[in-house]
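Asker: Quick one: the structure is below, questions incoming.
Bear in mind that the values in this text are calculations on the coordinates, not laboratory data. Note that the structure is a prediction, hence the values are computed from the model and not measured. With ideal geometry, Cβ positions are generated from the backbone for all residues, glycine too; neighbour counts draw on all protein chains shown.
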Amino acid sequence: MRKRLPILVIMLGCALLTLAVLLASAGESQAQTPEPTLVEGAQQDNPVKLSNAYCLLCHSQPDQVWTLPSQEKISLTIDPSVLDNSVHGSANAKGALQCADCHVDYRFPHPVQTVQTARQFTLLRYAACRSCHEDQYTRSQDGVHGAALRAGHTEAAVCVDCHGAHDIHKPDVPRERISLTCGKCHGAIFEQYRTSVHGAALLGESNPDVPTCIDCHGVHDINNPTTALFRVRSPELCAQCHANAEVMTKYNISTDVFNTYLTDFHGSTTALFEQQDPTVATNKAVCYDCHGVHNIQPVEAGKVNAVRENLLTACRQCHPDATDNFPAAWIGHYPVTADAHPALSLATNTYNLLLPGALGLMAILIGTDVIRRVRGRAGRNRQKEAQQ
């Protein structure tokens, strides 16, 4: 036993030495492994705000899927190139955003999520946009979408439904993207718009002059288009383009459309309602009662007969007893001419001549009567002086 003791001591020493070497090697290796970097400018005492590289260690891996209790699946894989090419990526003139700018306090391991559906997760997360876009966020809450959300309609659009999440691009590049975005929810209306004179020009020709959805409805603070206020002010929306001589000249469209509407019974009454109280409903015809709302079709200038073929149906919405010749009273949105309206043109010219003539004759009669009276008074005064 005493002979084996030195051997055991030597073996034990070798084991301890080997263990010490292994521990030192592990410590050195750990010291050389870089920690995930903080974003530039972040304070070291705030380790939560991490760089994109830290997040993408996991989220750039393929087939990262989150299965919710509703059995819906949300992809957790983020394509770094998609993120970088978005408006929040490196191309952003104000500097790229970091994941932690929107996903605050999401250091691994992530907080436990209690949402049941994908929609619940969207509604939980979209408010992160408010930290940078306070004005747009506030106005969206004042619009029809915000009101619908508060009323319990969880399907109402929020920021990410229109703009996207990691793949956000400029909403009007190309311009038709605006209406295509609205069409994701308003599909039936989009189909009407797509085949209209406005939609066909936008989607088929990329025409920069025709209105998109937001030109009539607004952007974030979208108003309810079914209210009396929207109806009574709708002619002003149409006038933004149709009273613009520079735009209308390009397409040989008369700019008298809005002015002729305001001078007829329908337009003057609607304008009166707006001046008195725009929230009071009026049953007088506005532009879209005759032309349609989203399904507006082209009308060739001067060819009013083609319009009258369908006008009776529009007239009977307010005048159910209208006969077949009822629309003949309408002369269109164009000035009266001898070629298109010979009888009306003659009557108009006659009236234009008779009115100043009658006024002139009355002025002459009044003037001569005044002169006669002045002369008579002067004569009587001379007689009195002569008698005295």
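Asker: With each label point set 7 Å from Cα along the Cα-Cβ vector, what nm distance links ASP339 and THR279?
Answerer: 5.0
Asker: Stretch THR226-THR67 to full length: gain in nm at 0.36 nm per residue minus the Cα-Cα span?
Answerer: 53.2 nm
Asker: Peptides 369-381, 274-286: what's the order by average Cβ count within 10 Å, highest mean first?
Answerer: 274-286, 369-381
Asker: How long are the semi-axes of the equivalent ellipsoid of the range 223-346, taking √(5λ) for every eigenvalue λ of the Cα gyration tensor, in whole Å from largest down?
Answerer: 24, 19, 14
Asker: Moving on to the next point. Once both labels are modelled 7 Å past Cα along the beta-carbon direction, what's the GLU205-PHE326 spacing in nm?
Answerer: About 3.4 nm, to one decimal.
Asker: What FRET efficiency, computed as 1/(1 + (r/R0)^6) with R0 = 41 Å and r the Cβ-Cβ distance, is obtained for ARG375 and LEU355, rounded to the nearest 0.05?
Answerer: 0.85
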